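Structure first, commentary second.
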Amino acid sequence: MKMSISKWVGVGFLAVLLIAGIFTAGSIVETVDKGTFQVKQAAISGAMSAKMTPGLWFQNFGDIDPWPKAETYFFTHDNDTKGDSDVDTSIEVRFNDGSMCKISGTVRIVLPVSEQQAIVLVTERGHKTYVDLQEKLIKPTVRNVLRSTANLMTARESYSEMRSDFISMARDQILNGVYKTREDTKQVEDLVTGEKIWKQVKVLKKAEDGSTLHEPNSMENTGITLANFEIKSFVYEKKVQLQIAKQQEARMAVETAKARAEQAKQLEQQTVAEGKQMVAMAKYAEEQLKVKAVVEAQKNKEVQELDALRDKQVAVTAGEKRKEVAQLDKDAAGLKKQELILLGEGESKRRRLNIDADGALKQKLATYEVVAGKFADAIAQYQGDWVPTTIMGARDGQQNGNGAQALIDLFTTKVANDLALDMSVKAGKQVTVK
């Protein structure tokens, strides 16, 4: 069965549509990869749009350009980092002494994060692709920063004492814009000849508060941020390297000589200081001995004064004790005296009462007995004749023929009269002699 011409035409049309669909499928749908965004210009209207997140979106035959969200820009003379190229992209600068140098480094580029900023970057800034942006904006910005910084110093200064200043000043300009400068005449050292010459050099403009003034930042209002700026190397031209090496050697020699002179001076100062220290130590030791002697003397004096005070206190205490003892003895004597007086008065009163009671009979009898005994002893010892030759008379008409007895009676009577002793015994009263 043969197909009609119309059927063959339909199959051919379908085949054409299929082939066209195969060739145009990539212009209908597009995929945004992670870490990128895409900017699209519509095929017919020319309207601009952007997709900032990963995933599929309709291209509809529009013109699409992919952009990285962040990328590292390399300005290096060798391929020593992943992503770097073998092409020498280092940036050449000229220092204010006229010497040349190639500087290598990197900077991180963070692109816009909003659709509007991405569209403005393409439409108003005129950067159709990232490569175009890198060549027309990033590279000139970095180059201007490095050249501006190099104009503020000599090659030798960038090599030695101002190397860290160069890096910090370049980083500041990357973030805030190139420094505003003015021309000034300054005497500098020619790196090749070593002679002092006057040259027009750039100096920084300062604000009233002392801060450095900046030109407008080229990244301002673009949504682009430059970060992690790093300078990896300075490659000076050969003659500059040789001159720097010679100057460094000369400077090192000068510095060595200065260091030796300073060392000798310091040694001299150290010797003088040590001598002064020894003298000071000797004086200190002598002063210490003097102070020690004074302290010892003061201590001995204080000890003596303390001993004297203690002895005085002891003496005062002993005297007070003796005084107290004497007072006590005096008080005791007074009490004893009062006691003896009282005892004497009592004894006297007792005796007086005894005497009043018996007329001191006991005492009288004792006295009488002693006297009579003495008389008896005297008569007994007499060896003569007791018979008197003359008789004066007789008592009661009787003649006493015993002379000794008469004498005893006489003495007895006398004693009794002297003692007022009544020897008679009265009737009705009995006297008991104790």
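Things worth noting here:
- Rounded Å value of the spacing that divides the Cα centres of region 259-303 and region 110-147: 74
- Neighbourhood net charge (11 Å Cβ-Cβ; Lys/Arg +1, Asp/Glu -1) for Lys69: -1
- Mean projected area in nm² (Cα convex hull; one quarter of hull surface) for region 69-236: 11.3
- Binned Cα-Cα distance frequencies in region 23-67 - 10 Å width, integer %: 31, 57, 12
- Förster radius 25 Å - calculated FRET efficiency between Trp198 and Asp88 (Cβ-Cβ, nearest 0.05): 0.10
Readers should treat all values here as calculations from the given coordinates under stated rules, not as data from a laboratory. As the structure is a prediction and not an experimental result, all values here were calculated from the model. Cβ atoms come from the backbone with ideal geometry, glycine included; neighbour counts cover every protein chain shown.
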